[in-house]
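Beneath this line is the structure, given in structure tokens, with notes to follow.
The values are calculated or read from the model by the stated rules, or taken from the named source; none is laboratory data. Nothing here was measured: the structure is a model prediction, and the numbers come from that model. Cβ: placed from backbone, ideal geometry, glycine included. Neighbour counts: every protein chain shown. Keep in mind that these areas ignore ligands, DNA and RNA; they rest on the heavy atoms of the full protein, side chains included. Shrake-Rupley method; radii C 1.70, N 1.55, O 1.52, S 1.80 Å.
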Amino acid sequence: FLELDNNKNNGTNNMTFEFGICGTFDFEENYTGGQSIKTREFYLALKDSVANDNIKIVESTSWKENPIYFIISLISLFRNYNKIIISVAQNGIRILIPFCSLLNLLFRRNLYYLSIGGWLPRFTKRRKWLASFLKMFDKIFVETKVMKTALEAQGFKNIEILENFKLIEPLNESEVKFVDSKEFQICFFSRIMREKGIEDAIQVVEKINKNSNYSKCFLDIYGPISSEYENNFHKLIDSSSKAIRYCGKVHPSESVKILKKYDIQLFPTHYFTEGIPGSIIDSFFAAVPVIASRWASFEEVIDDGLDGIGYKFMDNEDFYLKLNWLINNSELINQMKKNCLKKASRYRAENIIHNFLKITSVN
């Protein structure tokens, strides 16, 4: 990073580099969850709109391996770049946000925090000391109106909405797989842990098949397995019927290719503070309606009855009733598939990055 010192290259004090990003990029994909995926895709999408020479990144997880080099790299980022973006989750935010806030008292850059998911308002409410540092940032980008309202109630005046997005291309309508049988291909497409509702999904599908006296629904499960849940999950699969399968992990670039084979995605999350889940955007791009637990921002993401169905939060009986009702209305599923493709345009990367550049255009 030191060789990128603009003062040395040009012999002036003028800034020529624009965006410096510190976050969890994880290009080797050693981590699970949406944080690294969105940080990585945000950087790649920004590169499509900003000259490559005007962007530099610092991998936040590198501080564990070489903290001294990490600090030097971060200081160099502030020294050479006019707009600094921080994109870290709960573990990194405790250290990086205060450090960057204080560092910026020296460099006076445009400082932004890119929030991923919906956890931030609850996190800052419990940690007012951290909120005071975040209020020093020029902008905090959150995914939903629910998050914006909650943070503003805590006294934040620097909140902007920047929805989640995908770099992939949505299907053409000619590629859509419409329902054409009495057997339904259903998927779960998320990190695999109890809190994501995987046990609820299996229980409900098994109940439908038992009450139908045949395998009316087939559930394919995709996603990285949380390490602390791995043994329990494999026991769960072993004790389930043959209608339930674990199909492994899917690279983000392959999500539409995999999802387009399905009739419905299940999203039975136990996290009330979800933001805009990437797997639901994947479903819109693949023309697959979602049945989801009604988390706080549900209505901002899914138009109930048009491109998905909501059920009472963590209520398996309502989950069962809604899924059973939907699979008995194939024509509605097919209409929902068309509506999903219409919704997909809202989450295209170029639209979101355009909004980001518009907001950050003031130096």
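Going through the range 135-145 one residue at a time, which ones are open to solvent by less than 60 Å² (accessible area, probe 1.4 Å) and of a type in the set (A, V, I, L, M)?
ILE140, VAL142
Which condition breaks for ARG348 when tested against (1) among the basic types (Lys, Arg); (2) farther than 27 Å from ASP138 by Cβ; (3) open to solvent by less than 80 Å² (accessible area, probe 1.4 Å)?
(2)
Could you check, for the range 158-180, whether at least one of its residues is modelled with pLDDT under 95, part of a loop (DSSP other than H, G, I, E, B) and farther than 20 Å from ALA344 by Cβ?
The answer is yes; a qualifying residue exists.
Could you please find all residues in the range 129-146 being over 22 Å from PHE107 (Cα atoms) and among the acidic types (Asp, Glu)?
GLU143 - this is the single residue of the range 129-146 that is over 22 Å from PHE107 (Cα atoms) and among the acidic types (Asp, Glu).
Is the range 282-293 home to any residue that is without any contact (Cβ under 8 Å) to a residue 40 or more places away in the chain, within 19 Å of CYS187 (Cα to Cα), assigned to a helix (DSSP H, G or I) and touching a Phe, Trp or Tyr at 6+ places or on another chain (Cβ under 9 Å)?
no
Looking at the range 128-144, I want the residues that are under 23 Å from SER297 (Cβ atoms) and in a helix (DSSP H, G or I) and have a partner that is open to solvent by 70 Å² or more (accessible area, probe 1.4 Å) and not β-branched (Val, Ile, Thr) with Cβ atoms under 7 Å, at least 6 apart or on another chain. Which pairs are those?
Listed pairs, sorted by first residue: LEU130/ARG94.
For ILE276, work out the one condition from (1) over 28 Å from ASN172 (Cα atoms); (2) of a type in the set (A, V, I, L, M); (3) within 15 Å of the chain's Cα centre (by Cα) it doesn't fulfil.
(1)
For the range 52-72, name all the residues that are over 12 Å from THR24 (Cβ atoms), modelled with pLDDT of 85 or more and part of a helix (DSSP H, G or I).
ASN54, PRO67, ILE68, TYR69, PHE70, ILE71, ILE72
In the range 105-114, what residues are outside any helix (DSSP H, G or I) and either open to solvent by 10 Å² or more (accessible area, probe 1.4 Å) or in contact with an Asp or Glu (Cβ under 7 Å, 6 or more places away or on another chain) (or both)?
ARG108, ARG109, ASN110, LEU111, TYR112
Applying the selection to the range 268-292, what residues are open to solvent by 10 Å² or more (accessible area, probe 1.4 Å) and touching a Pro at 6+ places or on another chain (Cβ under 7 Å)?
none
For (1) part of a helix (DSSP H, G or I); (2) without any contact (Cβ under 8 Å) to a residue 24 or more places away in the chain, each residue gets a yes or a no:
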residue	(1), (2)
GLU300	yes, no
LEU306	no, no
GLU331	yes, yes
ALA344	yes, no
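Condition first: of a type in the set (D, E, K, R) and either in contact with a Phe, Trp or Tyr (Cβ under 8 Å, 6 or more places away or on another chain) or part of a helix (DSSP H, G or I) (or both). Now tell me which residues in the range 115-127 satisfy that.
Matches in the range 115-127: ARG122, LYS125, ARG126.
Any idea which of (1) under 22 Å from ALA349 (Cα atoms); (2) surrounded by fewer than 19 Cβ atoms within 10 Å (Cβ to Cβ); (3) without any contact (Cβ under 8 Å) to a residue 24 or more places away in the chain; (4) in contact with a strand residue (DSSP E or B) (Cβ under 7 Å, 6 or more places away or on another chain) is the one GLU152 doesn't satisfy?
(1)
Testing LYS242 on (1) within 22 Å of ASN324 (Cβ to Cβ); (2) modelled with pLDDT under 95; (3) not hydrophobic (A, V, I, L, M, F, W, C), one condition comes back false. Which one is that?
(2) is the only condition that LYS242 fails.
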